[in-house]
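Down below is the structure, laid out as C-alpha cells.
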Amino acid sequence: MFTRISSITLAILLFLVLLGSRANFYVLGVSVVILIFATLAINFKRLNFTWPHLLLPSIYLLGVASMFAIITNPSIRLIFLIAASLTFYFLEMKLGRESHFLQNIYLLSVFALYLTVFAVEFYFNLKIWLIIILVFIVTYILAVQGLTGFSVPAKRYFYFLISLICAQAAWGLSFWPTHFFVNSVVVFCIFYLLWLFSFSAFFGRLNRQKIYWQIMLIALVLALTLGTAAWRPLR
C-alpha cells in the first residue's frame with residue numbers, strides 16, 4: 001500500500017512541479033532537485049538504501065525535466081508531461097526489481113541526458129572542452145547505474161572506458177556540422193553498444209549473433225539519422 005500511495009504522490013508531484021515552473025528555468029531546476037531528494041528519501045524507506053536502484057529515478061527526473069525545458073510547443077509539452085508522469089508512476093512501482101521496463105526507462109533517460117548536454121552546447125555556445133568533461137561525467141554516472149546488479153571489481157575499469165570513449169566521440173562530433181539532436185543520437189548509440197556488450201559479457205550472455213544483430217541495428221539507426229538530418233552550414 002505504501003508503495004502505491006508513494007508512487008502516485010511522486011507522479012502527481014512531478015506533474016505539478018513541471019507544470020508550475022514551465023516559464024522559469026531557475027524555478028524548474030530548484031524544484032526538480034527538491035523532488036529528487038524527496039524521491040530518494042521515500043525510496044530509501046522502501047528499498048533500505050540500495051543506492052544504484054535509487055539512482056535510476058534521479059536520472060529519469062533529470063532527463064524528463066531537461067526534455068520538458070527543451071520542448072517549446074505547449075501542446076506537445078502537455079502530452080509529454082502526462083506521459084512522463086504516468087511512466088514515473090510505473091517506474092516507482094517496479095523499482096527494486098529487475099525488468100525490461102526499467103531497462104527501457106534507463107535507456108530513454110540516457111538519451112534524454114545526452115540530448116540535454118548537446119542542447120546546452122548548442123543554445124549557449126559553450127566551449128567544447130566543457131562539453132567533453134560534462135559528457136565524461138554524465139556517462140560515468142550512467143555507466144554506474146547501467147552496470148549495477150552484480151559485483152565484479154573489473155566494473156570500475158569499464159566505467160572509465162565507456163566514459164572515455166563517449167567523451168572522445170563528443171569531441172569528434174564537435175567538428176561535424178550537425179545539430180544537437182544528431183550528436184545526441186550518435187553518442188547514445190555508442191553508449192548503448194558499449195553498455196549492452198559489457199552488461200551481456202558480465203552475465204555470460206554475449207555471443208556472436210547478438211554482436212552482429214546489435215551492430216546492424218545501430219548502423220541502421222545511424223544511417224537513417226544522418227541521411228535525414230538537416231546539416232548546419234559550415235562557418
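The values are calculated or read from the model by the stated rules, or taken from the named source; none is laboratory data. Treat the numbers as computed from the prediction; the structure is a model and nothing was measured. Neighbour counts run over all protein chains shown; Cβ positions are idealised from the backbone, glycine included.
Quick look at the numbers
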| item | result |
| --- | --- |
| Residue among 79, 71 that alone is over 15 Å from the mean Cα position of the chain (by Cα) and either of a type outside the set (Val, Ile, Thr) or more than 16 Å from residue 184 (Cβ to Cβ) (or both) | 79 |
| Residue ranges of helices (runs of 4 or more DSSP H) in the range 107-215 with at least 1 members under 19 Å from the mean Cα position of the chain (by Cα) and exposed (fewer than 15 other Cβ atoms within 10 Å of the Cβ) | 128-146, 155-173 |
| Single condition residue 58 does not satisfy, out of (1) at pLDDT below 90; (2) of a type in the set (S, T, N, Q); (3) assigned to a helix (DSSP H, G or I) | (1) |
| Residue match in the range 125-147 (condition: among the aromatic types (Phe, Trp, Tyr), outside the structural domain of residue 70 (by TED's automatic domain parsing) and touching a residue at least 40 places away in the same chain (Cβ under 8 Å)) | no |
| Residue in the range 18-34 that is within 17 Å of the chain's Cα centre (by Cα), in a helix (DSSP H, G or I), over 21 Å from residue 139 (Cα atoms) and among the β-branched types (Val, Ile, Thr) present | no |
| Where a residue in the range 103-124 is charged (D, E, K, R) and its partner, wherever it lies, is part of a helix (DSSP H, G or I), with Cβ under 6 Å and at least six apart | 121/131 |
| So residue 80, is it closer than 28 Å to residue 162 by Cα, in contact (Cβ under 8 Å) with a residue 12 or more places away in the chain and in a helix (DSSP H, G or I) | no |
| Within the range 141-157, tally of residues that are within 15 Å of residue 193 (Cα to Cα) and modelled with pLDDT of 90 or more | 2 |
| Residue match in the range 135-153 (condition: farther than 22 Å from residue 106 by Cα and in contact with a helix residue (DSSP H, G or I) (Cβ under 8 Å, 6 or more places away or on another chain)) | no |
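Conditions (1) in contact (Cβ under 8 Å) with a residue 40 or more places away in the chain; (2) under 25 Å from residue 202 (Cβ atoms), marked per residue:
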{"residue": "152", "(1), (2)": "yes, yes"}
{"residue": "161", "(1), (2)": "no, yes"}
{"residue": "171", "(1), (2)": "yes, no"}
{"residue": "182", "(1), (2)": "yes, no"}
